[in-house]
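Step one of this worksheet: look at the structure below.
The values are calculated or read from the model by the stated rules, or taken from the named source; none is laboratory data. Nothing here was measured: the structure is a model prediction, and the numbers come from that model. For neighbour counting, all protein chains shown are included, and Cβ atoms are generated from backbone atoms with ideal geometry for every residue, glycine included.
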Amino acid sequence: MTRVDFMQGNIASAEGALAAGCRFFAGYPITPSSEVAEHMARRLPKVGGRFIQMEDEIASMAAVIGGAWTGVRSMTATSGPGFSLMMENIGYAAFTETPCVVVNIQRGGPSTGQPTLAAQGDMLQCRFGSHGDYSTIALAPSSVQEMFDLTVKSFNLADRFRAPAFLMADEIIGHLRERVEFPDTVECTPPRPIREGMLPFEPEEDLVPGFTPFGHGHRVHVTGLTHNEKGYPASTDPDLHERLVMRLIEKVERARHEIADYDIENPDAEVVFISYGVPTRSVRQALLDAPEGLYGHLNLRIVWPFPENLLKKFPNARVFLVPELNMGQMAREIVRHCDQPVISLPRLGGELHTPQYLLDRAEEYR
């Protein structure tokens, strides 16, 4: 059986978290993500979970990390200024291999910017925002249904790879209301336990260690310092540091083709749109308005790790057009992986590209 409802994107994300087994939320109110926290505050006590409003986003991210290390699926939700404040602790989560989920309902920036209008200005920040080298997982919903589905997927990926996962939505999708289908059950992939004789940070063949939270029968030492497989500091060992950082990167990056989530339309086209998140809606309408098969489209639901092999699925492509609500953040990544011209179609100010605008730009390159 499937339950059908009509709801806001932020609420659908909260419901996805609950369906995925999230039982701890720590956050601080910030437009345009506050509805996620408000809904979790109402619903978590009814399912045996805990909600806490922290004094700021720095403390919120710290509390989420602590919740995850008790063995509870944990999350927070924020927007641009709060996301910036979380960055140090996000780096700590990446280095300590803490599975957790951060929902970012993006708004116009920098600084306070446009609290009530949409943007996609945090796409590079979610990948490179904290200092040092590491890898993360970022999902980009383009509908209210995907706010539910991809929130569930975020928890599963965070647990599978022992890494922070980001749901990178925006004000439009967060506040949009659409029909959503809720399955009776969703797939929940728990983190693997530590096998007999294994050390807490000893990786398996896929480079991911087992995970045993505090209070579950194993001594686990967790530190933001460079650490050995026991979890104890070894910050003066250059070879160990290199091996550790390379493993943190490779455990995610080498699985990027396996975890890629995408849609492809008209793969034989010569002019191809690449989109993620809310601009996908404008691209799909533009393709409906254009002659059938004239333009191609690659929609990415997972943007980090970047699945560069998907660009080869358009063998006749002469040019890629990339509409984004920023100054071309993901277009820079696409340029790195193809020989064809990549045309960035930036848009700032909170308004979405119109389908006609996209068709006019595509016509220039046909």
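Quick notes on this one:
- In region 155-273, counting only helices (runs of 4 or more DSSP H) that sit wholly within it, the ones holding 2 or more residues that are free of Cβ contacts under 8 Å to residues at least 12 places away in the same chain span 238-253.
- The set of residues from region 36-50 being under 22 Å from ILE173 (Cα atoms) and among the aliphatic types (A, V, I, L, M) comprises VAL36, ALA37, MET40, ALA41.
- Of all residues making up region 58-81, the number that are surrounded by 24 or more Cβ atoms within 10 Å (Cβ to Cβ) and either assigned to a strand (DSSP E or B) or out of contact with any Gly (no Cβ under 6 Å at 6 or more places or on another chain) (or both): 11
- Those residues of region 100-148 which are within 20 Å of ALA68 (Cα to Cα), of a type outside the set (Gly, Ala, Ser) and out of contact with any Leu (no Cβ under 9 Å at 6 or more places or on another chain), in sequence order: CYS100, CYS126, THR136
- Being closer than 28 Å to MET246 by Cβ and touching a residue at least 40 places away in the same chain (Cβ under 8 Å) is true of THR96.
- In region 208-233, of all residues being surrounded by fewer than 16 Cβ atoms within 10 Å (Cβ to Cβ) and among the hydrophobic types (A, V, I, L, M, F, W, C), the one that is farthest from HIS131 (Cα to Cα) corresponds to PHE214.
This table checks each residue for (1) in contact (Cβ under 8 Å) with a residue 12 or more places away in the chain; (2) surrounded by fewer than 24 Cβ atoms within 10 Å (Cβ to Cβ); (3) outside any loop (DSSP other than H, G, I, E, B).
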| site | (1), (2), (3) |
| --- | --- |
| VAL101 | yes, no, yes |
| ARG107 | yes, no, yes |
| ARG127 | yes, yes, yes |
| HIS131 | yes, yes, no |
| PRO141 | yes, no, no |
| GLN145 | yes, yes, yes |
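- Qualifying residue in region 28-44 (condition: over 30 Å from MET327 (Cα atoms) and not in a helix (DSSP H, G or I)): no
- In the set ARG254, ARG284, only one residue is closer than 30 Å to ASN10 by Cβ, surrounded by fewer than 21 Cβ atoms within 10 Å (Cβ to Cβ) and either basic (Lys, Arg) or in the same structural domain as HIS175 (by TED's automatic domain parsing) (or both); that residue is ARG284.
- Any chance ARG219 is within 30 Å of ILE172 (Cβ to Cβ) and not assigned by TED's automatic domain parsing to the domain that holds ASN309: no
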